[in-house]
Amino acid sequence: MDSSKKVYFVTGAFINSNSWDSWKTFFESNGYDVIIPIWPYKEGTTEALRAKHPDAILGTLTLSQLLTYYIEIIKKEEKKPMAIGHSLGGLIVQLLLQANHLSMGVAIHSMPPKGVYTFQLSFFKSLWKPFGFFKSKNTPHLMTMEEWQYAFTNSMDFKEQKETYEKFLIPESRRIIRSFLTKSANVNFKNKKHPLLFVAGSNDHMMPPRLNFLNFRKYKNSPSVTNYKEFEGIDHFVLGGKQWEKIATYIMNWLKQHGSEN
């Protein structure tokens with residue numbers, strides 16, 4: 001396998017790593033070596049992880065620990081790999097890029113770094129309960145079906161919403177969700193030395209396109225390529241939406257283009 005075509009998929013909050021299954025098959029069929037590290041404390045099926053809720057050990061997980069986990073894996077590579085991250089995984093990709101651990105990165109519907117925010121109502125409505133301002137930070141949060149429908153799958157019909165909820169939705173550490181308010185989510189936007197693509201969806205409630213665009217604009221003084229692409233009619237669960245292959249193809253073509261320039 002060509003080491004220059006090794007790509008890490010970085011899973012976001014609230015969803016199992018099996019959410020990448022179709023993307024993994026697609027990229028591997030196009031010659032990529034795909035690695036999908038499973039987050040600490042998230043080994044197992046969706047059903048098994050839900051059965052543990054509330055899992056006190058999961059409740060201890062922080063963004064700093066998660067970033068260290070990815071760095072320890074990636075630094076073993078002989079060459080810097082590419083990485084594609086969804087949601088909180090998009091923030092991790094940004095943090096890995098600024099620390100110079102990646103050759104290229106893609107942030108899909110990314111959680112923002114510290115200091116990048118929006119006053120858009122859907123953003124607050126999607127994250128209000130997961131944040132749990134009046135609840136212990138040590139207690140993980142498991143979204144209800146109604147939360148999933150609004151925050152992740154608002155562009156899907158009810159059958160698709162129910163199927164994806166049962167297949168992918170898992171509990172999440174509140175410490176992780178609150179992380180973008182902390183210094184662990186600091187990004188030095190001028191320190192990015194390699195290409196980065198932001199992908200957004202016009203229908204995303206949780207990470208609205210305006211928020212992704214503001215994040216993208218923060219890199220305007222970066223010495224390397226930074227691009228932004230918005231897809232019409234796409235909600236936050238872009239990995240399992242009807243247009244996933246179109247979006248995956250766009251990302252793959254972008255990687256090919258900028259890999260030759262990098």
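When the convex hull of the Cα atoms of the chain is projected onto a plane and the area is averaged over all directions, what value comes out in nm²?
Dividing the Cα hull surface by four gives the mean projection, 12.7 nm².
Cβ under 14 Å from Gln243's Cβ, Gln243 left aside: what net charge do those residues give with Lys, Arg +1 and Asp, Glu -1?
-3
At 7 Å along Cα-to-Cβ for each site, give me the label-to-label distance between Arg50 and Glu146 in nm.
1.8
Taking the Cα centre as origin and putting +1 on Lys and Arg beta-carbons and -1 on Asp and Glu beta-carbons, what dipole magnitude results for the chain, to the nearest 20 debye?
Magnitude of the dipole: close to 1100 debye.
Hey, rough spin-label estimate for Phe119 and Phe158, points 7 angstrom out along Cα→Cβ, what's it come to in nanometres?
Those two pseudo-labels are separated by 3.7 nm.
Can you list residues from other chains, or at least 5 along the same chain, whose modelled amide H is less than 5 Å from the amide H of Ile35?
Residues meeting the criterion, in which the H sits 1.01 Å from N, are Val7, Tyr8, Phe9.
If amide H atoms are built 1.01 Å from N in the plane of the peptide, which residues on other chains or at least 5 residues away come under 5 Å of the amide H of Leu197?
Close amide H contacts, sequence-distant or interchain: Gly105, Val106, Ala107, Asn227.
Please give the per residue accessible area of segment 125-262, computed with a probe of 1.4 Å over protein heavy atoms only, in Å².
Computed with neighbouring chains in place, this is 47 Å² per residue.
What is the spin-label model distance, in nm, from Asn227 to Lys246 if the labels are put 7 Å beyond Cα along the C-beta direction?
The modelled label-to-label distance comes out at 1.7 nm.
What's the ranking of 113-122, 232-241, 211-220 by average number of surrounding C-beta atoms within 10 Å, highest first?
Ranking the peptides 113-122, 232-241, 211-220 by packing returns 232-241, 211-220, 113-122.
Can you list the HN-Hα couplings for segment 100-114, worked out from phi with the Karplus curve (6.51, -1.76, 1.60; θ = phi - 60°), rounded to whole Hz and with x for Gly and Pro?
Along segment 100-114, the couplings run 6, 9, 10, 8, 7, x, 10, 10, 9, 6, 6, 5, x, x, 4 Hz.
Suppose all protein chains stay in the model; what accessible area per residue would a 1.4 Å probe give for segment 1-111, in Å²?
37
Please give the calculated 222 nm ellipticity per residue for the chain, where each DSSP H segment of at least 4 residues contributes -39500 (n - 2.57) and the sum is spread over every residue; nearest 500 deg cm²/dmol?
Value at 222 nm, helices only, nearest 500: -10500 deg cm²/dmol.
Using amide H atoms built 1.01 Å from N in the peptide plane, name the residues 5+ places from Phe231, or on other chains, whose amide H lies under 5 Å from its own.
Ala200, Gly201, Ser202
Kindly write out, for segment 222-236 in residue order, the coupling ³J(HN,Hα) from the Karplus curve 6.51 cos²θ - 1.76 cosθ + 1.60 (θ = phi - 60°), rounded to whole Hz, with x marking Gly and Pro.
Each residue of segment 222-236 in turn: 6, x, 10, 4, 9, 10, 9, 9, 10, 9, 6, x, 9, 9, 5 Hz.
What are the equivalent ellipsoid semi-axes of segment 14-61, built from the alpha-carbon gyration tensor (square roots of five times its eigenvalues), in whole angstrom, biggest first?
27, 11, 6
Tell me, what is the FRET efficiency for Ile73 and Ser4 to the nearest 0.05, using R0 = 22 angstrom and their Cβ-Cβ distance as r?
The value I calculate is 0.75.
Per the 1.4 Å probe, what fraction of the accessible area of the chain, in percent, lies on carbon and sulfur atoms?
Its accessible area is 53 percent carbon and sulfur atoms.
Give me the dipole magnitude in Debye, nearest 20, for segment 1-134 about the Cα centre, with unit charges on the beta carbon: positive for Lys and Arg, negative for Asp and Glu.
Computed charge dipole of segment 1-134: roughly 360 debye.
Suppose every Lys and Arg Cβ carries +1 and every Asp and Glu Cβ carries -1, with no other charges. What dipole size does segment 1-68 come out with about its Cα centre, to the nearest 20 debye?
The calculation lands at about 120 debye.
The values are calculated or read from the model by the stated rules, or taken from the named source; none is laboratory data. None of the values given here were measured: they were computed from a predicted structure. Here Cβ is always computed from backbone atoms with ideal geometry, including for glycine, and neighbour counts include all displayed protein chains. In case anyone asks, the SASA skips ligands and DNA or RNA and just uses the protein heavy atoms, side chains included. Shrake-Rupley method; radii C 1.70, N 1.55, O 1.52, S 1.80 Å.
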